[in-house]
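J.: The following block contains the structure, expressed as structure tokens.
The values are calculated or read from the model by the stated rules, or taken from the named source; none is laboratory data. None of the values given here were measured: they were computed from a predicted structure. Neighbour counts are summed over all protein chains in view; Cβ atoms, including those assigned to glycine, are modelled from backbone coordinates with ideal geometry. Keep in mind that these areas ignore ligands, DNA and RNA; they rest on the heavy atoms of the full protein, side chains included. Shrake-Rupley method; radii C 1.70, N 1.55, O 1.52, S 1.80 Å.
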Amino acid sequence: MQAAMDITTRFCHKEMEEYGACVASNPSTWQHQCEDLKMKVAQCTSSHPVIQKIRSDCAKEFTDFERCLRDNQTTPTSCSPHVARFLGCVETVDLAGVAVDTVPQMS
């Protein structure tokens, strides 16, 4: 997960900053208010090989985590077990041969 966050921060810094500011400014409505910025972050990172590998290898754990967040929007901390399972999966992803320093191609 740290590798994914490092890549997101490195290549999508502007998008992450905007999304974080939106979430902080809208604590009770961020899910709706910040959806467009969340999509910009997703678009920015979606083409990076490391992110693609993690999404592929840990798709079930990530989907379960997203579902939990949707179902518990007012209490996202209740999804901590889902986060732990996802992070556990991420730690097992074999990144050998994956181009970590590749810059995503934006269209």
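J.: Does Ser47 satisfy being among the hydroxyl-bearing types (Ser, Thr, Tyr), more than 16 Å from the chain's Cα centre (by Cα) and either modelled with pLDDT of 85 or more or not in a helix (DSSP H, G or I) (or both)?
T.: no
J.: For region 4-22, indicate whether the set of residues that are of a type in the set (Gly, Ala, Ser) and surrounded by 16 or more Cβ atoms within 10 Å (Cβ to Cβ) is non-empty.
T.: Yes, there is a match, as at least one residue in region 4-22 is of a type in the set (Gly, Ala, Ser) and surrounded by 16 or more Cβ atoms within 10 Å (Cβ to Cβ).
J.: Being modelled with pLDDT of 90 or more and charged (D, E, K, R) is true for just one of Asp71, Asp6, Asp101, Asp94. Which residue is that?
T.: Just one listed residue meets the conditions, Asp71.
J.: So, in region 24-70, exactly how many residues are within 18 Å of Lys14 (Cβ to Cβ), aliphatic (A, V, I, L, M) and surrounded by 12 or more Cβ atoms within 10 Å (Cβ to Cβ)?
T.: Of region 24-70, the ones within 18 Å of Lys14 (Cβ to Cβ) are 24-25, 34-48, 51.
Next, only the ones that are aliphatic (A, V, I, L, M) stay: 24, 37, 39, 41-42, 51.
Going one step further and asking which of them are surrounded by 12 or more Cβ atoms within 10 Å (Cβ to Cβ), we end up with 37, 39, 41-42, 51.
The total comes to 5.
J.: Would you point out the residue of region 71-87, among those that are assigned to a helix (DSSP H, G or I) and touching a residue at least 12 places away in the same chain (Cβ under 8 Å), that is most open to solvent (accessible area, probe 1.4 Å)?
T.: Of everything passing the filter in region 71-87, Arg85 is most open to solvent (accessible area, probe 1.4 Å).
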